[in-house]
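To keep things clear, I will list the structure first and then write my remarks on it.
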Amino acid sequence: KVTAFYAGEPSLQTIYLPFEDYGEYAYLPWENDLPDQFMTMHGYDLIPRMDALFGGFSTRSKMVRLHFFQTVGEVMARNYSGQISRWCHENGVNMSGHPLFEEFMTCHVLCYGDMMKVIRNFDIPGCDLPIARPGKINWNFWMPKFISSASYLENRNKMVTGLIDPIIGYGEDDMSPDVPYMKRTL
């Protein structure tokens, strides 16, 4: 029996990664009914205010960006994780997985609109667990608690999966961690 389907690092891919060539473009998530959803949720038209999505320090510009990403989070929760979760439940299986860049709160909005809302549909949400090693990056291991909060919010399994990852923060040149460091991470 399949216990869960695991989604590995789904994302809107609207973040600039240092190893990609994006040219002179700015990327924002979009789908056809996004302006209508925006209007329904916030009561005003997004299209005449599109310039605010790319800049501006006024309260109006900031509010448009906030509303935009709230809308994106709602749409992604409904159309991505919500659809998969409904299918899984109809077929007697759990939805699991972990988001991209969950360890960096600055990426939560860019990658998901509202990451907490998106992963609340996961029955067993997960996260990367970088291996704690002396003399290396001092990781703040807050992700498991943050991710488990999504499960608690929906009164689900109260369980989180962890992907013990030897690459995060160390690169592919250090792929064989000692067992004591893996235990320390857990």
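The values are calculated or read from the model by the stated rules, or taken from the named source; none is laboratory data. These figures come from a predicted structure and were not determined experimentally. With ideal geometry, Cβ positions are generated from the backbone for all residues, glycine too; neighbour counts draw on all protein chains shown. With ligands, DNA and RNA removed, areas are computed over all heavy atoms of the protein, side chains included. Shrake-Rupley method; radii C 1.70, N 1.55, O 1.52, S 1.80 Å.
Restricting to the stretch 146-186, name every residue that is among the basic types (Lys, Arg) and either over 18 Å from residue 117 (Cα atoms) or at pLDDT 80 or above (or both). 183, 184, listed by residue number. On the stretch given as the stretch 81-104, residues that are out of contact with any His (no Cβ under 9 Å at 6 or more places or on another chain) and over 12 Å from residue 115 (Cα atoms) total 15. In the stretch 56-71 there is no residue that is open to solvent by less than 60 Å² (accessible area, probe 1.4 Å), in contact with a helix residue (DSSP H, G or I) (Cβ under 7 Å, 6 or more places away or on another chain), closer than 24 Å to residue 4 by Cβ and touching a residue at least 12 places away in the same chain (Cβ under 8 Å).
Going by the conditions given, is residue 3 polar (S, T, N, Q) and in contact with a strand residue (DSSP E or B) (Cβ under 7 Å, 6 or more places away or on another chain)? Taking the combined requirement at face value, the residue satisfies it. For the stretch 93-115, the set of residues classified as open to solvent by less than 60 Å² (accessible area, probe 1.4 Å) and free of Cβ contacts under 8 Å to residues at least 40 places away in the same chain consists of 108 only. For residue 13, state whether it is in a helix (DSSP H, G or I) and surrounded by 12 or more Cβ atoms within 10 Å (Cβ to Cβ). Against the criterion (in a helix (DSSP H, G or I) and surrounded by 12 or more Cβ atoms within 10 Å (Cβ to Cβ)), residue 13 does not qualify. Restricting attention to the stretch 43-79, which residues are assigned to a helix (DSSP H, G or I) and of a type in the set (Ser, Thr, Tyr)? Passing the criteria: 59, 61, 71. The set of residues from the stretch 88-123 being under 8 Å from the mean Cα position of the chain (by Cα) and closer than 26 Å to residue 3 by Cα comprises 98, 99, 100, 101, 102, 112, 115, 116, 118, 119.
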